[in-house]
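The values are calculated or read from the model by the stated rules, or taken from the named source; none is laboratory data. All of these numbers come straight from a predicted model, not from anything done at the bench. Here the Cβ positions follow ideal geometry from the backbone for every residue, glycine too, while neighbour counts run over all protein chains shown.
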Amino acid sequence: MAYTSRLLAAVPGVRHAFLNAAEAARFDRASLVDIKQVHGCDVLAYRTPPAERPSADGVFADLAGQKLGVYTADCLPLLMASRDGRFISSVHAGWRGAAAGIIQRAVAQFAVSGIPEAEIVVAIGPHIGACCYEVSGEFYARLLQTPAAGLVRARRESLLFSQPRRPTALSPAAREAGSQWFALADFCVMQLIHADVVPDNIEVLNICTYCTPGEVLGSYRRRTHAPKEKTQQISWIARVE
Ligand SMILES: [Zn+2]
């Protein structure tokens with residue numbers, strides 16, 4: 001069953017779903033605005049189909065009847081809507097895109113359309129948790145070379161852990177000495193709050209792509225540990241016609 005957000009479900013005239021891997025495999029991909037996801041920070045303001053498939057990791061629109069969506073397999077899918085249901089956005093955020101500012105860019109699209117930050121509702125779907133997201137000892141230094149350096153430095157203890165955080169029986173054992181475990185969702189929530197989105201308007205579905213039983217979710221990291229056919233999630237949002 002697709003995962004849904006309680007907060008987004010309360011937005012009038014908006015439908016959404018965080019599809020699991022099996023549902024994503026059956027989903028009509030042609031129904032989405034077609035973007036090439038590149039782990040960047042561009043958000044496409046969509047009106048009509050572009051002549052060429054744009055490189056972007058987010059889409060923003062106010063059109064009814066057009067689904068916006070993103071593909072993920074460990075990265076964060078964010079679905080956003082103005083509380084009045086007039087504007088929607090879908091965003092793909094891995095650590096690179098988040099550190100480069102894609103979340104602020106998405107929030108800015110709402111602001112340009114006259115929506116105050118306090119009127120934006122955000123749901124974060126299944127993603128790799130700090131239970132399973134092992135990063136190298138150099139990862140912190142890499143984050144410090146990004147535009148998010150100040151935030152990372154100030155919140156280091158909330159973002160990077162010396163042990164897996166709340167691991168499950170299916171979380172992988174450490175692969176290297178000196179590793180840390182990164183809380184990607186917390187990183188994105190911090191950025192949302194930094195961009196003046198209200199904490200009460202942010203919902204995080206704490207569902208880990210790696211260690212949720214049954215491999216119902218696609219995980220890039222899990223496939224690097226145990227090679228298997230590629231699977232991924234699709235998360236979509238639309239205004240109803
Ligand atoms: Zn996990």
- Message: I want to confirm something. Restricting to segment 170-217 and keeping residues that are under 29 Å from ILE120 (Cα atoms) and of a type in the set (Asp, Glu), which single residue is farthest from the ligand (Cβ to nearest atom)?
- Response: ASP196
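For the structure I just gave you, tell me whether GLU117 is away from the ligand (no atom under 16 Å from the Cβ) and without any contact (Cβ under 8 Å) to a residue 60 or more places away in the chain.
Working: away from the ligand (no atom under 16 Å from the Cβ): yes; without any contact (Cβ under 8 Å) to a residue 60 or more places away in the chain: no.
Answer is no for this residue.
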- Which numbered condition trips up VAL216, out of (1) more than 23 Å from ALA24 (Cβ to Cβ); (2) surrounded by 14 or more Cβ atoms within 10 Å (Cβ to Cβ); (3) not polar (S, T, N, Q)? (1)
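Residues checked against (1) under 14 Å from the mean Cα position of the chain (by Cα); (2) assigned to a strand (DSSP E or B):
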site	(1), (2)
LEU8	no, no
ALA24	no, no
ASP34	no, no
HIS39	yes, no
LEU44	no, yes
PHE60	no, yes
LEU68	yes, yes
- Message: Report every pair of residues separated by at least 6 positions or lying on different chains whose Cβ atoms are under 6 Å apart, first residue within segment 130-147 and modelled with pLDDT under 95, second more than 16 Å from the ligand (Cβ to nearest atom) and part of a loop (DSSP other than H, G, I, E, B).
- Response: GLY137/GLY178
- Query: Tell me, which helices (runs of 4 or more DSSP H) lie completely within segment 88-194 with 2 or more residues that are surrounded by fewer than 18 Cβ atoms within 10 Å (Cβ to Cβ)?
  - Reply: 102-112, 139-143, 149-154, 156-159, 184-194
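Here is a yes/no grid of residues against (1) aliphatic (A, V, I, L, M); (2) closer than 30 Å to ARG83 by Cα:
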position	(1), (2)
LEU170	yes, no
CYS188	no, yes
LEU192	yes, yes
PRO199	no, yes
ASN206	no, yes
LEU217	yes, yes
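Could you check, for segment 135-146, whether at least one of its residues is within 16 Å of the ligand (Cβ to nearest atom) and in contact with a helix residue (DSSP H, G or I) (Cβ under 6 Å, 6 or more places away or on another chain)? Give the steps one after another, and end with the answer.
Restricting attention to segment 135-146, the residues satisfying the condition of being within 16 Å of the ligand (Cβ to nearest atom) are 135.
Cutting the leftovers down to in contact with a helix residue (DSSP H, G or I) (Cβ under 6 Å, 6 or more places away or on another chain) gives us none.
No, because not a single residue in segment 135-146 is within 16 Å of the ligand (Cβ to nearest atom) and in contact with a helix residue (DSSP H, G or I) (Cβ under 6 Å, 6 or more places away or on another chain).
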- Could you check PRO49 against (1) out of contact with any Leu (no Cβ under 8 Å at 6 or more places or on another chain); (2) crowded, with 22+ Cβ neighbours inside 10 Å and say which number it fails? (2)
